[in-house]
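The values are calculated or read from the model by the stated rules, or taken from the named source; none is laboratory data. Predicted model only: the values in this text are computed from it and were never measured. Counting neighbours? That spans all protein chains shown, and the Cβs are built from the backbone with ideal geometry, glycine included. Areas reflect the complete protein model, heavy atoms only, side chains present, ligands, DNA and RNA absent. Shrake-Rupley method; radii C 1.70, N 1.55, O 1.52, S 1.80 Å.
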Amino acid sequence: MPKAIKKIGVLTSGGDSPGMNAAIRSVVRTCAYHNIECTGIYRGYQGMIEGDFKEMGARSVNNIVNKGGTILKSARSKEFMTVEGRKKAHQNLVNANIDALVVIGGDGSFTGAEVFNNEFGYPVMGIPGTIDNDIFGTSHTLGFDTALNTVVECIDKIRDTASSHNRLFLVEVMGRDAGHIALNAGIGAGAEEILIPEQDLGLERLLESLRKSKASGKSSSIVVIAEGDKIGKSVFELKDYIEENMPEYDIRVSVLGHMQRGGAPSCFDRVLASRLGVKAVESLLEGKSNFMVGILNDKVALTPLENAIKGHSEIDRELLRVSDIMST
Ligand code: ATP
């Protein structure tokens, strides 16, 4: 018989994303609803090692559903990668009578949670929080929808100036290994070309596409490029390359950077965070452990952490075709 859970700890780890606060709120309030205690753990695993804990009641999470970032702060912890570090963290949880853990973060954070579970048999539940949407077992991670809205809003503004000056804009968006942001925001903002890590478009194809676009009467163009695109050039090298081959274009580069991670979460992310938080706590109370709570076909679904970590979240290839057709 697993030990009855009377107190749950919650932490945010890795890169922050909009919706993490709404998820913390959901975890805290679901604990209160079920009359169990909840402890906030500051600065992710590092705070767990240092015992940086604070008891959280339903009222402690007032007015955060609409806030970006994370009130619990986030961190990356090298010490947690060591057995000694994890032993300290485990002892702190035991001393504070915390019986289970909800980890809000990306696949690195889930790996930490899984290792911790394997070592100490400690109950853990993951909630996917990252703007990149690169986690297997969920169609959406917390923050992805907000980041898309932010990127689309920026590109809309860039388009105003691109079309006023007949310019070609290269817009770099986040996504080192995954093109979800570039692909979806690119279609939403009407980009002429979208370059993503999952597909090597090739430089020649890009030039050809830009020539076609010019010949079809377009006087300005937007190319959206994911950070980790495989074309083999940085966005600035790409600008030089296109300029050499198409001197008729006046090219500008815009790297959107960290603004994509900030801001108030969208309604979608707030609702998602609320649903995932409820399921994470209730699953732990039912004795489940070592799962990630995600959303599949609009239903909350549990995926073993191991699969969430090892699996690959594929891009929707049909979206590439849609993008091609839209840039006709
Ligand atoms: P993001 O998507 O923003 O990168 P993430 O959760 O993947 O978020 P990471 O920096 O990869 O972020 O991981 C967060 C923390 O998880 C690490 O700093 C470390 O403390 C812990 N962690 C990652 N991998 C392991 C591991 N193999 N063993 C123990 N802990 C780990």
Per the filter on segment 79-129, residues near the ligand (Cβ under 7 Å from one of its atoms), over 25 Å from Arg275 (Cα atoms) and surrounded by fewer than 21 Cβ atoms within 10 Å (Cβ to Cβ) are Met81, Val115
For segment 55-78, which positions are away from the ligand (no atom under 16 Å from the Cβ) and either part of a helix (DSSP H, G or I) or open to solvent by 70 Å² or more (accessible area, probe 1.4 Å) (or both)? Glu55, Ala58, Arg59, Ser60, Val61, Asn63, Lys67
Are any residues in segment 125-137 within 11 Å of the chain's Cα centre (by Cα) and outside any strand (DSSP E or B), and if so, which ones? Thr130, Ile131, Asp132, Asn133, Asp134, Ile135
By my count, strands (runs of 3 or more DSSP E) wholly in segment 182-291 with at least 2 residues that are open to solvent by less than 20 Å² (accessible area, probe 1.4 Å) are 193-195, 221-226
Subset of segment 165-181 [surrounded by 20 or more Cβ atoms within 10 Å (Cβ to Cβ) and over 24 Å from Asp16 (Cβ atoms)]: Leu168, Phe169, Leu170
Output the residues belonging to segment 1-15 that are assigned to a loop (DSSP other than H, G, I, E, B), within 16 Å of the ligand (Cβ to nearest atom) and at pLDDT 95 or above. Ser13
Is at least one residue of segment 26-40 small (Gly, Ala, Ser), out of contact with any Gly (no Cβ under 7 Å at 6 or more places or on another chain) and either at pLDDT 95 or above or surrounded by 14 or more Cβ atoms within 10 Å (Cβ to Cβ) (or both)? yes
How many residues are acidic (Asp, Glu) and farther than 24 Å from Thr161 by Cα when one looks only at segment 176-207? 4
Can you name the residue in segment 88-105 that is of a type in the set (Val, Ile, Thr) and outside any helix (DSSP H, G or I) and, of all such residues, is farthest from Val293 (Cα to Cα)? Ile98
Return the total of residues in segment 16-50 being more than 12 Å from the ligand (Cβ to nearest atom), within 16 Å of Leu93 (Cβ to Cβ) and of a type in the set (A, V, I, L, M, F, W, C). 5
Scanning segment 292-303 for residues that are open to solvent by 50 Å² or more (accessible area, probe 1.4 Å) and of a type outside the set (A, V, I, L, M) gives Asn297, Asp298, Lys299
Between Asp134, Asp145, which is closer than 19 Å to Gly19 by Cα, open to solvent by 10 Å² or more (accessible area, probe 1.4 Å) and in contact with a His (Cβ under 9 Å, 6 or more places away or on another chain)? Asp134
